[in-house]
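I have placed the structure first, in the form of structure tokens, so that the comments after it can refer back to it.
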Amino acid sequence: RHHRHLMAQALRIPVFRTRCCQRSPAASRRASAGPRSQTQRRGSFAAGRREPARRVLLRAAASASRSAAMSSGAAAVEVYVKAKPGTGATVLGDCPFSARVLLTLEEKAIAHTRHLIDFSDKPQWFLEANPEGKVPVLHHEGKWIADSDVICEHLEGGAFPDARALSPADESTRQVGAAFFGAFVKFFTNGDAAAEPALRDGLAAEVKAIDAALQGKTFLGGDDVCSVDLALYPKLRHMAVACGHYKGFAVPQECAALASYMKA
Ligand SMILES: N[C@@H](CCC(=O)N[C@@H](CS)C(=O)NCC(=O)O)C(=O)O
């Protein structure tokens, strides 16, 4: 039940808006010199091998959803993610792209400092560093890196040679779910009643394809969690909550493997 609560917190659908953390990176570093500073250094989840997918992913999500922006001057990696509106930037928000990057940092056991950004009051320094104003954004070795695809590529690259590699070995796993999020957005944002059935079927087809890719496996790549799981899982949860609530869409009953993978 505790895990379920934390996962819900990590992946909540955006509804409300409020204040956010106004600290610049330099101010955060200064603040981190105090006795309360804490580095987010997490253990690897490789030990989760052969555990059900949902348990490993929930554990990572629970860890990633712990509230408050912790800081440490020691951590070279700083990650900026969405805050839950109405919490004074103390609780993690619902962005699936942010969740993906946090899960990737957790799984690779890369020490990092997390900063929560309130969308209703984005700090000026954040917008100057990152003019698109989107999260997640990573700050590493003096560079700002935006976009979860680019960030995860960076985390998988040569800058972190000791971190566990997460790219799946085979190309077919890499392609699983590639069209899923687009199908979700089209269906979710559609206001044309005539187009609705085809868009609903289109999303159901993408969901079924993910279910098919999970047959006989714990994770999409096999026994171990891989980068495709970490990209897709938060989006699947986001879709299930958003489409379940607003569109009456549920994961088709025959998708038993996916249902068990997603079950919180
Ligand atoms: N392609 C980007 C998408 C990131 C994105 O759209 N983030 C949303 C939050 S889920 C955002 O920051 N939106 C800015 C805003 O709503 O002000 C990625 O993969 O990181």
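The values are calculated or read from the model by the stated rules, or taken from the named source; none is laboratory data. All of these numbers come straight from a predicted model, not from anything done at the bench. No Cβ is skipped: glycine too gets one built from the backbone with ideal geometry, and neighbour counts run over all protein chains shown. The protein model used for the area step is the full one, side chains on, heavy atoms only, and it has no ligands, DNA or RNA in it. Shrake-Rupley method; radii C 1.70, N 1.55, O 1.52, S 1.80 Å.
With part of a loop (DSSP other than H, G, I, E, B), among the small types (Gly, Ala, Ser), within 16 Å of the ligand (Cβ to nearest atom) and not assigned by TED's automatic domain parsing to the domain that holds Leu102 as the only criterion, which of Ala178, Ala165 stands out?
Ala178
So, in the stretch 215-264, exactly how many residues are of a type in the set (A, V, I, L, M, F, W, C) and in contact (Cβ under 8 Å) with a residue 60 or more places away in the chain?
Total satisfying the criteria: 11.
Take the stretch 127-143 and flag every residue that is out of contact with any strand residue (DSSP E or B) (no Cβ under 6 Å at 6 or more places or on another chain) and more than 9 Å from the ligand (Cβ to nearest atom).
Within the stretch 127-143, Leu127, Glu128, Pro131, Glu141, Gly142, Lys143 qualify.
Quick one: which of Val91, Val101 is under 14 Å from the mean Cα position of the chain (by Cα) and of a type in the set (Val, Ile, Thr)?
Val101
Output the number of residues of the stretch 199-229 satisfying the condition of being part of a loop (DSSP other than H, G, I, E, B) and open to solvent by less than 20 Å² (accessible area, probe 1.4 Å).
Qualifying residue count, the stretch 199-229: 3.
Can you tell me which residues in the stretch 88-126 are within 12 Å of the ligand (Cβ to nearest atom), in a loop (DSSP other than H, G, I, E, B) and in contact with a Lys or Arg (Cβ under 8 Å, 6 or more places away or on another chain)?
Hits for the stretch 88-126 are Gly93, Asp94, Cys95, Asp118.
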